[in-house]
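Below you'll find the structure, written out as structure tokens, and then a few comments.
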């Protein structure tokens, strides 16, 4: 794992061997229909649908950091945008903050998932590391495990 060429970011060096424990991975991603079943059964509200808790964020920032305008604390999620840039290290070229973007409206209020029941669910991240299959909740593999699995395929 790690970088060994000029495409790797500085934090990815040096290349090194690791050992990971086994993990479960389903054959397919969780679909919008499966996720909706989970939401309907539990009433769960995803991170992308919640107001940002300033007190929680403030505890991770330097003391005295001023509170941003409330409009910046509204529910949102990162949305992929096409870009012609070659600068792969500048994430702002690939992602934009989508106000009210969530699993039901992937690109914000003017989008929806109608006719996309079998598409993979999106905007389900962070604390929501779960996979819904046959009504059971299972943990997603951590990023490291997923990265290693992708290299095997």
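Residues in the range 27-44 that are in a loop (DSSP other than H, G, I, E, B) and surrounded by fewer than 16 Cβ atoms within 10 Å (Cβ to Cβ): 27, 28, 29, 43, 44.
Applying the set (1) assigned to a loop (DSSP other than H, G, I, E, B); (2) under 21 Å from residue 35 (Cα atoms) to residue 67 leaves exactly one unmet item: (2). Kindly indicate whether any position in the range 6-25 is loosely packed, with under 14 Cβ neighbours inside 10 Å, in contact (Cβ under 8 Å) with a residue 40 or more places away in the chain and under 20 Å from residue 125 (Cβ atoms). Yes, because at least one residue in the range 6-25 is loosely packed, with under 14 Cβ neighbours inside 10 Å, in contact (Cβ under 8 Å) with a residue 40 or more places away in the chain and under 20 Å from residue 125 (Cβ atoms). Scanning the range 45-64 for residues that are touching a strand residue (DSSP E or B) at 6+ places or on another chain (Cβ under 9 Å), within 30 Å of residue 118 (Cβ to Cβ) and in a loop (DSSP other than H, G, I, E, B) gives a single hit, 46.
Within the option set 113, 52, being in contact (Cβ under 8 Å) with a residue 40 or more places away in the chain, under 18 Å from the mean Cα position of the chain (by Cα) and either at positive phi or surrounded by 14 or more Cβ atoms within 10 Å (Cβ to Cβ) (or both) holds for one residue only, 113.
Suppose we filter the range 93-108 for residues that are in contact (Cβ under 8 Å) with a residue 40 or more places away in the chain and part of a strand (DSSP E or B); how many remain? Result for the range 93-108: 1. For the range 2-23, state whether one or more residues are assigned to a loop (DSSP other than H, G, I, E, B), within 23 Å of residue 112 (Cβ to Cβ) and at pLDDT below 85. No, the conditions are met nowhere in the range 2-23. Take the range 57-84 and flag every residue that is within 30 Å of residue 6 (Cβ to Cβ) and surrounded by fewer than 10 Cβ atoms within 10 Å (Cβ to Cβ). Answer for the range 57-84, where residues must be within 30 Å of residue 6 (Cβ to Cβ) and surrounded by fewer than 10 Cβ atoms within 10 Å (Cβ to Cβ): 82, 84.
The values are calculated or read from the model by the stated rules, or taken from the named source; none is laboratory data. Keep in mind the model is a prediction, meaning the values are calculated, not measured. Positions of Cβ are generated from backbone atoms using ideal geometry, with glycine treated the same way; all protein chains shown enter the neighbour counts.
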